[in-house]
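Derivation of every value follows stated rules applied to the coordinates shown; laboratory data play no part. No experiment lies behind these values; they were computed from the predicted model shown. Cβ sites come from the backbone with ideal geometry, for glycine too, and all protein chains shown count toward neighbours.
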Amino acid sequence: MNEKRIEVGQIVGVHGIAGEVKIQHWCDDASAFLNLKKVWFNGDWHQLISPRQHKNVILCKLEGITDRNAAEAARMCILEAERAQLPPLPEGRYFICDLVGLRVITDEGRELGRLSDVFETGSNQVYEVISPEKKKYYLPAIESVLLNTDIEAGVLTVHLLEGLIDE
């Protein structure tokens, strides 16, 4: 992952015979993806041509993909976009790639480990934290647990609700 690029989706299928692809976008709002001009995959930039939302995917042509066979070959490719192409996030919202790797400490000063992944559960996100001993903790990304996110310092401060983690 390049610091200036962010993963924004994945080609998950093809549409028709003219080389259109189905993209599962990873943006909170599909309009953020629809406003992109180009994406990076397979070592090069590709212009988005006529992107449109269809149900829960984005359909579009990508520069350089001209037929179904080329579209099939691109299936499962991860798409990246320049950070500058994406709209600014609201206060208190972060790109997942900026959260992964943060040191996680409790409001009592205890070092839990490093944030290793973020899962979507439908009701809220869940943060996976791996301790230095390789123990995994799963924390709900809710206001009463997440107290402070300091990207610059590389630290996420959390409050452990009673019964949240086993000891």
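Of the cross-linked pairs Lys22/Lys135; Lys4/Lys136; Lys61/Lys135, which ones have a Cα-Cα span greater than 32 Å in the structure shown?
Lys22/Lys135; Lys61/Lys135
For the stretch 1-135, what is the convex hull volume of the alpha-carbon atoms per residue, in Å³?
With only Cα atoms used, the stretch 1-135 gives 139 Å³ per residue.
Rounded to the nearest 500 deg cm²/dmol, what is the calculated helix-only ellipticity per residue at 222 nm for the chain, with -39500 (n - 2.57) per DSSP H run of length n ≥ 4?
Rounded to the nearest 500, it is -1500 deg cm²/dmol.
Working out 0.36 nm times the residue gap between Ser123 and Ile78, then minus their Cα-Cα distance, what length gain in nm do you get to one decimal?
Net length gain for the segment: 13.7 nm.
Take the Cα atoms of the stretch 5-84, find their three principal axes, and give me the spread along each one in whole Å, biggest first.
So the extents along the principal axes, rounded to whole Å, are 31, 29, 19.
Select from the stretch 1-57 those trypsin sites (Lys or Arg not before Pro) which occupy a DSSP coil region and have at most 16 other Cβ atoms within 10 Å, ordered by residue number.
Lys4, Lys37, Lys55
Picking from Pro87, Phe119, Val57, whose Cα lies most toward the positive end of the charge dipole for the chain (charges on Cβ: Lys, Arg +1; Asp, Glu -1)?
Positive-end residue among those listed: Val57.
Applying 1/(1 + (r/R0)^6) with R0 = 41 Å to the Cβ-Cβ distance of Arg68 and Lys4, what FRET efficiency is obtained, to the nearest 0.05?
0.80
Sticking to Cα atoms, compute the Rg of the stretch 68-167 to one decimal and its Dmax as the biggest Cα-Cα distance, whole number, in Å.
For the stretch 68-167, the Cα-based Rg and Dmax read 16.5, 56 Å.
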